[in-house]
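Written below as structure tokens is the structure these notes are about.
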Amino acid sequence: MSGISGHWAFAFGVLGNIVSFIVFLSPLPTFYKIYKKKSTDGYQSIPYVVALFSSMLWIYYAFLKTNTTLLITINSFGVFIETIYVGFYLFYAPKKSRVQTIKMLSLFVVGGFGAIILVTQFLFKGAIRGQVVGWICLIFSLCVFVAPLGIVRQVIKTKSVEYMPLLLSVFLTLSAVMWFFYGLLLKDINIAAPNVLGFIFGILQIVLYVIYSKKEKAILKEQKLPEIQKPAVIVSDDNTNVNKKLPELTQEQIIDIVRLAGLLANTEKVQVATCPHDHANCGVKATANVENMPKLQTVETS
């Protein structure tokens, strides 16, 4: 029975390595933007410092346990890639952000990790040392999984999923599932327990994304102005009771119609003002004015 559970643990460990590998590579688009801008304005280094510290802790824990090779492989890659991220950030960060990042590195990586190694090596021995380091990893992992609550709160407050990528939430949820079963099959509560919380928060983020992305689409649809339809000229034929739609007028034809309407109005005013008694001569003048009007362009009907 233990052999079967060992094979299943290995399978979930491999799947966990694959999913976690993708999660570790997810910040690449962010650093590509930093490279294009030659600046880290708008970005913080704390997620990468925390991820580096977490990977180092799990490697230390894995060396104190047995049958945790897959835990060592993925976290070794995590230390490698997070170190590159932090170094890249320091290279493009302004002086203030660079100083803050160095302080966090000193606090977590040098001070924190160094203190954990010294305390556990000198104060604890054997299996108890592994248990203490495991508890530290468990507590820190719970804190890391609780961190997205700030993003969840922002999504609910702003009703926008702009700052909560769906794919990252999906892969984090899958990663939690894989590592939960890996720890469960190895009967290691320090690996399994934090991923229960990770799974819950991952599902919560996916549900919120589905809800608020639909609301965003609905709001955008309501705010969209209705399209202005061009007026169409419809001529009704009394003999056949058929409505015929004339083609749309061109801009030149519309201008001619406006000019014609203006000339007709002026002609009527001239008749009333200049010839109140001479109806015969006014008729001649009106006819002459009509002859001088511009000709409309013909519109072909189909």
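The values are calculated or read from the model by the stated rules, or taken from the named source; none is laboratory data. Model, not experiment: these values are computed from the prediction. Counting neighbours? That spans all protein chains shown, and the Cβs are built from the backbone with ideal geometry, glycine included. Note: accessible area is taken over every heavy atom of the protein model, side chains too, but ligands, DNA and RNA are not part of it. Shrake-Rupley method; radii C 1.70, N 1.55, O 1.52, S 1.80 Å.
Ranked from highest to lowest mean number of other Cβ atoms within 10 Å per residue, what is the order of the peptides 53-59, 40-46? All intermediate terms of the calculation are to be shown ahead of the outcome.
Working: 53-59: 21.3, 40-46: 15.1.
Going by the mean number of other Cβ atoms within 10 Å, highest first, we get 53-59, 40-46.
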Highest average packing first - 151-158, 191-198, Cβ atoms within 10 Å: 191-198, 151-158
Exposure ranking of 38, 96, 65 by accessible area [1.4 Å probe, largest first]: 96, 38, 65
